[in-house]
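For reference, the structure discussed in these notes is given below.
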Amino acid sequence: MRFEWPNFLWLLALLPVLALCYVQAMRRRRKDAIGYSSLSLIKAALGPGQRWRRHLPAALLGLALIPLVLAMARPSTTFTLPSDQVTIVMAMDVSLSMRATDMKPNRIAAAKEAAKAFVADLPRSIRVGIVAFAGTATVVQTPTDNRDELMAAIDAFQLQRGTATGSALLVALNLLLPDSGVDLESALFGRDFRRDPGAGAAGARPGSEEIGRKAAPAKAFTPVAPGSFTNGAIILLSDGRRTTGVDPVVAAKQAADRGVKVYTVGFGSKDPNANSADEWSFYLRLDEEALKQMAAITTGEYQHAGSSSDLRKVYEGFNTKFSMERKETEVGALLSGGAALIIALAAFLSMRWLRGR
């Protein structure tokens, strides 16, 4: 427990003084009672058990002073409480290397199953958005609490060439914080990027208009402390090395400037050689260093999952992290409330037991 104003704790030293004052007052009262013709008559009038009842209300009042003093010192402690995370964006690698069969039946199937289990176990209060990335990054599901829509989006993943890890992070960041001033189009397509407003969007993936549309000029923003954004996070899973798109470290710095934590998962065997289920052969190079940097820059975490069971455990850990979190909370109000209840009890007992005495 931590105290914001610890100097008030010195008031606890006065409690023994108050106890001594009470004892002295009781002794003085006893001396005054000697004037009665018979002390036995007084004891008989009090009845059995009445003597300790005389002191219980005063003892309760003294006890109530302890939490009152502690409350004045503004104590705070750490509790495990429901998380206030409201949006999680999952960026999933759908590059051709996800066909590798170092886990059965292949990586993409294992990744889908783990992702669906993760989504299903999350509290309904948490919304989830999904970004798929290969040579480009695409929003396949805007944030929602509809689990059926999320499951369908995961099942619809289509493998493509390339691995644009940094681009995926920027698209996920823009999806999580659309008004944060991320100049997404310039980062992905260059500052001269333009799109014909009359061009059709037939065949576009759900959410692809988020990338293709020419956005308004980026809003100015003031960088915040990395990890300070508590209403959402990004989970990025990749099994390979970036081959195109934005530098992942540059993208991670943009996320850090906006306080967003990025949790990265390196998926698959660290053996650079793996075979797909068909006749394709891929040279796999898991870029753990880049994934670790992305997490470290944003104060997130990196974890490696070398098997289907490892990936499920990683997602189970994320579920616990996002569902419940440890928070430092001031508890002075609780202590004051407890003191008030004790004082009320003391007043009730005093009126009930000592009325007319």
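Annotations
- Residues that are out of contact with any Leu (no Cβ under 8 Å at 6 or more places or on another chain) and not in a loop (DSSP other than H, G, I, E, B) within region 91-114 comprise 107, 109, 112, 113, listed in sequence order.
- Taking residues in region 328-357 that are open to solvent by 60 Å² or more (accessible area, probe 1.4 Å), and partners anywhere that are charged (D, E, K, R) and at pLDDT 80 or above, the pairs with Cβ atoms closer than 7 Å and at least 6 places apart or on different chains are 330/74.
- Neighbours by Cβ (under 9 Å, 6+ apart or cross-chain): first from region 137-163, on the phi > 0 side of the Ramachandran plot; second at pLDDT 95 or above and not in a loop (DSSP other than H, G, I, E, B): 162/133
- Out of 111, 33, 134, one residue alone is open to solvent by less than 30 Å² (accessible area, probe 1.4 Å) and either at pLDDT below 80 or of a type in the set (D, E, K, R) (or both). It is 33.
- Filtering region 286-309 to residues that are open to solvent by 60 Å² or more (accessible area, probe 1.4 Å) and part of a helix (DSSP H, G or I) leaves 289, 292, 293, 296.
- Some residue of region 74-89 being at pLDDT 85 or above, surrounded by fewer than 18 Cβ atoms within 10 Å (Cβ to Cβ) and either touching a helix residue (DSSP H, G or I) at 6+ places or on another chain (Cβ under 9 Å) or among the hydrophobic types (A, V, I, L, M, F, W, C) (or both): yes
- When the criteria are applied in full, residue 123 fails the requirement of being farther than 17 Å from residue 163 by Cβ and in a strand (DSSP E or B).
- Residue count for region 202-259 under the criterion of being among the small types (Gly, Ala, Ser) and at pLDDT below 90: the result is 11.
- Total residues in region 225-267, condition in contact with a helix residue (DSSP H, G or I) (Cβ under 8 Å, 6 or more places away or on another chain) and among the aromatic types (Phe, Trp, Tyr): 2
- Yes/no for residue 128 being open to solvent by less than 10 Å² (accessible area, probe 1.4 Å) and within 23 Å of the chain's Cα centre (by Cα): yes
- Qualifying residue in region 261-278 (condition: open to solvent by 60 Å² or more (accessible area, probe 1.4 Å), in contact with a strand residue (DSSP E or B) (Cβ under 9 Å, 6 or more places away or on another chain), part of a loop (DSSP other than H, G, I, E, B) and modelled with pLDDT of 90 or more): yes
- Cβ-Cβ distances below 6 Å connect the following pairs, each with a first residue in region 97-120 that is over 17 Å from residue 309 (Cβ atoms), a second residue that is β-branched (Val, Ile, Thr) and not in a helix (DSSP H, G or I), and a separation of six or more residues or different chains: 119/128.
- Selected residue (criterion: nearest to residue 108 (Cα to Cα)) from residues of region 147-185 that are polar (S, T, N, Q) and in a helix (DSSP H, G or I): 165
- Exactly one residue among 288, 301, 328, 316 is modelled with pLDDT under 85 and not hydrophobic (A, V, I, L, M, F, W, C), and that residue is 328.
The values are calculated or read from the model by the stated rules, or taken from the named source; none is laboratory data. No experiment lies behind these values; they were computed from the predicted model shown. Neighbour counts are summed over all protein chains in view; Cβ atoms, including those assigned to glycine, are modelled from backbone coordinates with ideal geometry. Side chains are part of the model used for accessible areas, which takes the heavy atoms of the whole protein and leaves out ligands, DNA and RNA. Shrake-Rupley method; radii C 1.70, N 1.55, O 1.52, S 1.80 Å.
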